[in-house]
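The values are calculated or read from the model by the stated rules, or taken from the named source; none is laboratory data. Because the structure is predicted, anything quoted here is derived from the model rather than measured. Cβ sites come from the backbone with ideal geometry, for glycine too, and all protein chains shown count toward neighbours.
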Amino acid sequence: MKGMTIIVKTISSWVKVLIVLFGIYVILFGHLTPGGGFAGGVFLASSYVLLMLAFGREFVQENLPLTVNIKLFCIGALLFATIAFLGFLFREPFFFNFLHQKYDFGEAFNLISAGTIPLSNIAIGLMVGAALFLVIFLLSSFRRGT
Amino acid sequence: MNIFYILLIFMIIAAIIAIETKNLLSAVICISALGFGSSLTFLFLRAPDISITQIVVDVLALVILIRATISRDLTFISGDKEFFGTVVSVVIIFVIFVMGMKVFETLPDFGTAIFTQVPEAASQTYIKNGLKDTGAANVVTSVILDYRAYDTLGEATVFFTSIIGATVLLREKARKLPEEPEL
């Protein structure tokens, strides 16, 4: 079997859920509590790095293939750019916070508030998480002599 | 003694050990200690956003660097330093230190925010109107994703470009040696 011993595998299979949940929490509540897209994205990437160290590269390759990872990365970047360009729809400047200024739905200090800021956080979190894991996965496949 | 000075001395000692040690694994661990020290400093300076980012990136970098370090045969640095290069760098560091001391005298005390001393600073506007303008309770997020969103877009562009470049260099096809052209 590839990977580390059964103790590491068991514990990491329990802990990975908590890490992913905390990463999603940090991304979604980025406009209320400290954190945001970048930190939450690194949390998501580090959960997959933990799985890769414990179970080996092939396990992660089956769960999250490289093509899907690259697609997630590009979707995140595209989503962020789209949110930026959506301000033009209302004949307003680039990066206009149209959801808050025009419609003003949701109350302050609630989860649904702040217009486009949570959407931008989600986009950045997706991009950063996929990108960091992509680079680490590609770097880990380097062996001397190949 | 102020907590900041203890942290700063700890970070400076860690940085010096990281440069001077011959063992690569010790150097990686010292860099990680430096990162944790700077994360604690950000926390004491009341900047939890940057502190969380710093500590998470630091943990990820520590794991990757240790894995990259212990799987190599070459874990010790060998070879002497050049005399001329050392002298030049020491002189340059000394000049920058003397000029930096002049600059630091004009700054406010370490740990006190500069916008408390300048009433018409731009940050006062963000703190007063941030909740009303953007609806975000976290002022830092309202600055980086609403007031100064161009910065974040530029940052994301740099990140995207660098990751794409790294992916192109590291992909399977680029690792194989090019085949000999038939003559």
Of the listed residues (A:VAL26, A:VAL49, A:VAL42), the one being assigned to a helix (DSSP H, G or I), closer than 19 Å to A:ALA114 by Cβ and at the interface with another protein chain (Cβ under 8 Å from one of its Cβ atoms) is A:VAL26
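Before we move on, is A:PRO93 farther than 18 Å from A:GLY23 by Cβ, more than 11 Å from chain B (Cβ to nearest Cβ) and either without any contact (Cβ under 8 Å) to a residue 60 or more places away in the chain or in contact with a helix residue (DSSP H, G or I) (Cβ under 7 Å, 6 or more places away or on another chain) (or both)? Full working, then the answer.
Working: farther than 18 Å from A:GLY23 by Cβ: yes; more than 11 Å from chain B (Cβ to nearest Cβ): no; either without any contact (Cβ under 8 Å) to a residue 60 or more places away in the chain or in contact with a helix residue (DSSP H, G or I) (Cβ under 7 Å, 6 or more places away or on another chain) (or both): yes.
When the stated conditions are applied, A:PRO93 does not pass them.
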Flagged in segment A:97-120 as at the interface with chain B (Cβ under 7 Å from one of its Cβ atoms) and in a helix (DSSP H, G or I), in numbering order, are A:HIS100, A:ILE117, A:SER120
**Asked** Just wondering, is there one or more residues in segment A:1-18 that are surrounded by fewer than 22 Cβ atoms within 10 Å (Cβ to Cβ), within 28 Å of B:SER51 (Cα to Cα), in contact (Cβ under 8 Å) with a residue 24 or more places away in the chain and within 12 Å of chain B (Cβ to nearest Cβ)?
**Response** no
When you check B:GLU155 against the structure, is it in a helix (DSSP H, G or I) and either modelled with pLDDT under 85 or within 14 Å of chain A (Cβ to nearest Cβ) (or both), yes or no?
yes
Check segment B:111-132 and report whether any residue there is within 9 Å of chain A (Cβ to nearest Cβ), assigned to a helix (DSSP H, G or I) and surrounded by 12 or more Cβ atoms within 10 Å (Cβ to Cβ).
yes
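Working only within segment B:133-152, note down all residues that are in a helix (DSSP H, G or I) and within 9 Å of another protein chain (Cβ to nearest Cβ).
Applying the first criterion (in a helix (DSSP H, G or I)) to segment B:133-152 yields B:133-134, B:139-147, B:149-152.
B:ASP133, B:THR134, B:VAL140, B:THR141, B:SER142, B:ILE144, B:LEU145, B:ASP146, B:ALA149, B:TYR150, B:THR152, listed by residue number.
Among the residues of segment A:10-27, is any at pLDDT below 85 and either under 13 Å from A:GLY129 (Cα atoms) or touching an Asp or Glu at 6+ places or on another chain (Cβ under 7 Å) (or both)?
From segment A:10-27, those at pLDDT below 85 are none; that's our starting set.
No, segment A:10-27 contains no residue that is at pLDDT below 85 and either under 13 Å from A:GLY129 (Cα atoms) or touching an Asp or Glu at 6+ places or on another chain (Cβ under 7 Å) (or both).
Go through A:LEU51, A:LEU32, A:LEU21, A:LEU28 for me and flag whichever is free of Cβ contacts under 8 Å to residues at least 60 places away in the same chain and either within 30 Å of B:ARG46 (Cα to Cα) or touching a His at 6+ places or on another chain (Cβ under 7 Å) (or both). Step through it out loud before you land on a result.
Working: A:LEU51 fails: either within 30 Å of B:ARG46 (Cα to Cα) or touching a His at 6+ places or on another chain (Cβ under 7 Å) (or both); A:LEU32 fails: free of Cβ contacts under 8 Å to residues at least 60 places away in the same chain; A:LEU28 fails: free of Cβ contacts under 8 Å to residues at least 60 places away in the same chain.
The conditions single out A:LEU21.
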Of B:LEU25, B:LEU8, B:LEU45, the only residue that is more than 30 Å from B:VAL143 (Cβ to Cβ) and surrounded by fewer than 16 Cβ atoms within 10 Å (Cβ to Cβ) is B:LEU25
